[in-house]
Amino acid sequence: MEFFEPYLALINQENIWSLFIIILQVLGVTAPLLVCVAYLTWAERKVIASMQLRKGPTHVGWAGLGQPIADAMKLLFKENAIPAGSSKVVYIIAPMMVMIPAVIAWAVIPFDEGMVVSDVNLGVMYLLATSALGVYGVLMAGWSSNSKYPFLGAVRTGAQMVSYEVSMGLTVLSVILMAGSMNLSEIVKAQETVWFMIPAFPMFIVFLISILAETNRAPFDLPEAEAELVAGYFTEYSSSSFALFFLGEYANMILMSAITVVLFMGGWLPPMDIAPFNWIPGFIWFFIKVAFILFIFLWARATFPRFRYDQLMRLGWKVFLPFTLFWLVLTAGAMHLFDLV
Amino acid sequence: MIADLLFYMFASVLCIGALGVVLSRNPMYSVLFLVLSFFNAAGLFILIGAEFLGLLLMMVYVGAIAVMFLFVLMTVDMTTEDDDGKKSPFFITLVLITGGVLLGEIILAIMGGVASNTRLAEFVPVASETQNIVALGQVLFTNYIYPFISVSMVLLVGMVGAIVLTHRKREGVMKQDISEQISRTRDESIEIVTPALGKGIS
């Protein structure tokens with residue numbers, strides 16, 4: 001009992017209050033995130049429908065706005081079937097491993113000046129470390145389902161995510177060189193003169209394509225290529241565990257868009273610091289920019305045919321890797337030459 | 001105090017994970033336990049103020065190396081493995097020797113006190129002054145530049161070795177040249193003919 005006494009003393013009013021504040025902050029980020037995920041699925045169906053001269057969801061609520069909620073209810077009330085030959089613990093943990101990294105990464109994203117849950121110095125490293133975890137969910141799902149289509153889908157994703165993480169990391173490194181810091185708020189503040197997407201425009205394009213591949217979205221949606229693999233790594237999943245995969249994928253899309261906005265598009269900063277632009281508060285700018293990148297995700301899905309697997313690998317390793325390495329050296333050289341360090 | 005609690009949590013889960021690695025029969029579970037151990041080791045690193053090392057551990061070991069293990073295990077056929085409890089005495093002696101050496105090192109480190117070692121103590125004043133990553137960079141690229149370069153050379157040799165060992169000339173491989181494909185024009189790829197009635201294309 002004596003051993004525990006100092007720990008029991010931790011439970012006092014001050015600590016409980018600060019814990020309450022932290023929980024409130026966490027809820028303040030995750031609850032809007034989940035709403036955004038729900039309405040991203042609605043936006044996706046509407047955008048793709050209008051690009052294909054259809055109307056998309058119209059029946060549930062006004063302009064189909066109730067559709068995401070109806071879908072979520074349907075998924076949650078279905079039976080959760082676990083395949084007999086699966087390894088059950090891994091099978092149940094896998095969807096969580098997809099969802100959790102996509103949510104915890106939001107801890108370091110600055111929505112406005114000072115509007116961030118945890119303003120850590122190594123924010124960029126934290127983001128790369130958490131995004132590296134997403135691949136486990138997919139591999140575990142594919143392996144534990146004990147079925148051939150999920151397995152093949154998982155093997156493809158593993159290779160794809162690992163390949164594109166390399167070029168993503170190198171792109172991020174050149175941004176860190178330009179900003180001189182790994183703190184995300186500092187990176188945004190370094191873009192007050194010019195957004196990094198202008199001096200590093202090729203890197204912006206490489207990063208955009210890499211995040212499409214990293215989140216397994218079209219045209220890089222090979223892991224779930226319906227024509228070949230049924231539904232890819234989550235073929236065997238049903239009900240709420242399937243919903244978690246779905247949520248994880250869309251939360252990851254929003255997260256990757258937010259990272260792009262912070263690294264290249266000046267985060268909460270308005271495009272120009274003049275009258276009509278700087279009346280709008282920073283987090284609204286952030287939201288508009290994220291919505292723009294998300295629109296590019298949907299646009300690409302409605303426009304491009306799927307890549308073949310060898311073309312995907314060629315693009316990642318033979319085009320992006322050498323080019324990002326070259327750009328990293330170029331950035332370092334330019335920074336040194338013009339004395340910008 | 002909270003740091004103490006977190007230490008006990010990370011350390012105990014780390015030990016459970018490490019035991020899981022060696023005790024699981026299924027190699028797949030071993031790798032997943034290994035990932036759990038990496039995680040908790042990263043937590044311990046962050047707890048002592050080495051955030052950069054902790055996050056690096058997660059990026060490199062969890063994000064790359066363990067994924068490679070998992071990948072190899074998934075693609076290698078494991079049904080042929082005969083695990084009937086036979087253990088060769090050679091391996092048991094090998095295991096005992098390596099285990100003994102590692103245990104001896106730990107005991108020596110605890111008895112001798114690692115912190116009194118002058119080479120390690122060099123890090124301490126630098127790390128407390130500036131940011132973690134700045135301190136590391138300064139130490140790596142000034143005091144330890146030659147070891148750093150030689151380590152990168154070893155890694156390069158490893159990479160070249162892996163490519164040389166696995167690369168082989170294969171016959172009958174169809175290669176595509178993308179620039180050649182997309183620079184094809186309409187004129188050189190299709191020909192429009194108007195076949196005469198009743199004759200067709202000869």
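Here, each number is a calculation from the coordinates, and none is a lab measurement. Predicted model only: the values in this text are computed from it and were never measured. Ideal geometry is used to build each Cβ from the backbone, glycine not excepted, and the neighbour counts take in all protein chains shown.
At a 10 Å Cβ-Cβ cut-off, how would you order B:Phe91, A:Phe111, A:Phe304, fewest neighbours first?
On the way: B:Phe91 9, A:Phe111 22, A:Phe304 12.
Going from least to most buried by this count: B:Phe91, A:Phe304, A:Phe111.
Could you run the Debye sum over the Cα atoms of the stretch A:175-273, one equal point scatterer each and no solvent, and tell me log10 of I(q)/I(0) at q = 0.16, 0.18 Å⁻¹, two decimals?
-0.75, -0.84
Mark the label point 7 Å from the Cα of B:Thr166 along Cα→Cβ and return the residues of the stretch B:21-61 whose backbone N is within less than 19 Å of it.
Taking a point 7 Å out along Cα→Cβ of B:Thr166, the residues of the stretch B:21-61 whose backbone N falls under 19 Å are B:60-61.
List the pairs from B:Lys175/B:Lys199; A:Lys55/A:Lys148; A:Lys46/A:Lys74; A:Lys78/A:Lys289; A:Lys46/A:Lys88 whose alpha-carbon separation is above 27 Å, in the order I gave them.
On the way: B:Lys175/B:Lys199 38 Å; A:Lys55/A:Lys148 36 Å; A:Lys46/A:Lys74 20 Å; A:Lys78/A:Lys289 36 Å; A:Lys46/A:Lys88 37 Å.
Among B:Lys175/B:Lys199; A:Lys55/A:Lys148; A:Lys46/A:Lys74; A:Lys78/A:Lys289; A:Lys46/A:Lys88, the Cα-Cα distance tops 27 Å for B:Lys175/B:Lys199; A:Lys55/A:Lys148; A:Lys78/A:Lys289; A:Lys46/A:Lys88.
Work out, step by step, the length gained on full extension between A:Phe3 and A:Met96: first 0.36 nm times the residue separation, then minus their alpha carbon distance; give nm to one decimal. Each step should come with its number before you reach the end.
Working: separation 93, 0.36 × 93 = 33.48 nm, distance 3.49 nm.
Gain in length upon complete extension: 30.0 nm.
Which FRET efficiency value, to the nearest 0.05, do you get for B:Val173 and A:Trp299 by plugging their Cβ-Cβ distance into 1/(1 + (r/R0)^6) with R0 = 41 Å? Before the final figure, lay out the partial values.
On the way: r = 36 Å, r/R0 = 0.88.
After rounding, the FRET efficiency stands at 0.70.
Give, as ranges by residue number, the residues of the stretch A:281-304 whose backbone N falls under 17 Å from the point 7 Å along Cα→Cβ of A:Ile205.
A:296-297, A:300, A:304
With the cut-off at 1.5 for a/c, could you classify the stretch B:1-77 from its C-alpha gyration tensor as rounded, prolate or oblate? Can you show the working numbers first?
Values: a/c = 4.96, a/b = 1.64, b/c = 3.04.
It is oblate, given that a/c is not under 1.5 and a/b is not larger than b/c.
Given R₀ = 51 Å, what would the calculated FRET efficiency be for A:Glu228 paired with A:Val329, taking r from the Cβ atoms and rounding to 0.05? Don't skip to the answer; put the middle values down first.
Working: r = 39 Å, r/R0 = 0.77.
Result of the calculation: an efficiency of 0.85.
Exposure proxy check: A:Val103, B:Val67, A:Val166 ranked by fewest other beta carbons within 10 Å?
Values: A:Val103 20, B:Val67 23, A:Val166 17.
Lowest count first: A:Val166, A:Val103, B:Val67.
I'd like the FRET efficiency for A:Gln25 and A:Leu340, computed as 1/(1 + (r/R0)^6) with the beta carbon distance as r and R0 of 30 Å, rounded to 0.05. Walk me through the numbers on the way to the answer.
Working: r = 35 Å, r/R0 = 1.18.
Plugging the Cβ-Cβ distance into 1/(1 + (r/R0)^6) gives 0.25.
Just in the stretch B:134-193: which trypsin sites (Lys or Arg not before Pro) are loop by DSSP and have at most 11 other Cβ atoms within 10 Å? Walk me through the numbers on the way to the answer.
Numbers: sites: B:Arg168, B:Lys169, B:Arg170, B:Lys175, B:Arg184, B:Arg186; in loops: B:Arg168, B:Lys169, B:Arg170, B:Lys175, B:Arg184.
Here the sparse-neighbourhood loop sites are B:Arg168, B:Lys169, B:Arg170, B:Lys175, B:Arg184.
Taking the stretch A:280-341, which trypsin sites (Lys or Arg not before Pro) meet the DSSP loop condition and have no more than 15 other C-beta atoms within 10 Å? Walk me through the numbers before you get to the answer.
Values: sites: A:Lys289, A:Arg301, A:Arg306, A:Arg308, A:Arg314, A:Lys318; in loops: A:Arg306, A:Arg308.
In loop regions of the stretch A:280-341 (DSSP not H, G, I, E or B), the sparsely surrounded trypsin sites (Lys or Arg not before Pro) are A:Arg308.
If every alpha-carbon in the stretch A:1-98 counts as one equal scatterer, what log10 I(q)/I(0) does Debye give at q = 0.12, 0.14, 0.15 1/Å?
Cα-only, vacuum Debye calculation for the stretch A:1-98: -0.74, -0.86, -0.90.
7 Å from Cα along Cα→Cβ at both A:Ile280 and A:Ser18: what's the point-to-point distance in nm?
About 3.8 nm separates the two model spin labels.
Counting other Cβ atoms within 10 Å of each Cβ, which chymotrypsin sites (Phe, Trp or Tyr not before Pro) in the stretch A:201-283 have at most 16 and sit in a DSSP loop?
On the way: sites: A:Phe204, A:Phe207, A:Phe220, A:Tyr233, A:Phe234, A:Tyr237, A:Phe242, A:Phe245, A:Phe246, A:Tyr250, A:Phe264, A:Trp268, A:Phe277, A:Trp279, A:Phe283; in loops: A:Phe220, A:Tyr237, A:Trp268, A:Trp279.
Passing both the DSSP loop test and the Cβ count: A:Trp279.
If the chain between A:His59 and A:Lys74 were fully stretched, how many nm would it gain, using 0.36 nm times the residue separation less the Cα-Cα distance?
Working: separation 15, 0.36 × 15 = 5.40 nm, distance 1.55 nm.
Stretched out fully, the A:His59 to A:Lys74 stretch lengthens by 3.9 nm.
What number results when the radius of gyration of the protein assembly as shown, computed over Cα atoms, is divided by 2.2 N^0.38 Å?
Against the empirical 2.2 N^0.38 Å value, I get 1.11 for the protein assembly as shown.
Rounded to the nearest 20 Debye, what is the dipole magnitude of the protein assembly as shown about its Cα centre when Lys and Arg each give +1 and Asp and Glu each give -1 at the C-beta?
On the way: 28 positive and 38 negative charges, 338 e Å.
Approximately 1620 debye in magnitude.
Considering chain A as a Gaussian network with a 10 Å cut-off on Cα pairs, which listed residue, A:Asn15, A:Asn183, A:Asn80, attains the greatest mean-square fluctuation?
Sorting by GNM fluctuation, first place goes to A:Asn15.
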